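Okay, here's the structure, questions in a sec.
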Amino acid sequence: MKTKKVTVLNESGLHARPASVLVKTASRFKSEFYIKMYGYKVNGKSILGVMTLAAEAGAEMELIVDGPDEDEALEKLVKLFENKFNPAPP
């Protein structure tokens, strides 16, 4: 199991589009993915779970990845936060 604390950097927070990008990216991996925030732990592969957090700009959360491809999954998910959910440059 791998964990990493991240901060929502994009100004509009983790609204529908970034939440969708996060869920789609996480779903490509076999590992389980959870987000821990405000005392809640939600399934990071569920759009409803992610949207329930209503994470605003500056919100801090912990990403939890557990499974066979956890290293790669966590790396990709952290990069999404760092790039403000914009696609990585080629």
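Based on other C-beta atoms within 10 Å, arrange ILE35, ILE47, ILE64 from fewest to most. Mind dumping the intermediate values first?
Details: ILE35 25, ILE47 16, ILE64 19.
Neighbour counts put them in this order, fewest first: ILE47, ILE64, ILE35.
Right, here's the next one. Can you show me the helix-derived [θ] at 222 nm for the chain, built from DSSP H runs with n ≥ 4 at -39,500 (n - 2.57) apiece and divided by the number of residues, rounded to the nearest 500. Intermediate values should be presented prior to the final figure.
Values: 3 runs with 31 residues, N = 90.
Helices in the chain give a 222 nm mean residue ellipticity of -10000 deg cm²/dmol.
So I have (i) 57, 24, 23; (ii) 36, 33, 20; (iii) 55, 24, 17, and one of them is Cα extents along the principal axes in Å calculated from this model. Which one is it?
It is the value labelled (ii).
Which lysines have a Cα less than 17 Å from the Cα of LYS76, not counting those fewer than 8 places away in the same chain?
LYS2, LYS4, LYS5, LYS24, LYS30, LYS45, LYS84
None of the figures in this text is laboratory data; all of them are computed from the coordinates on show. In this text, all values refer to a predicted model and were calculated from it rather than measured experimentally. Cβ: placed from backbone, ideal geometry, glycine included. Neighbour counts: every protein chain shown.
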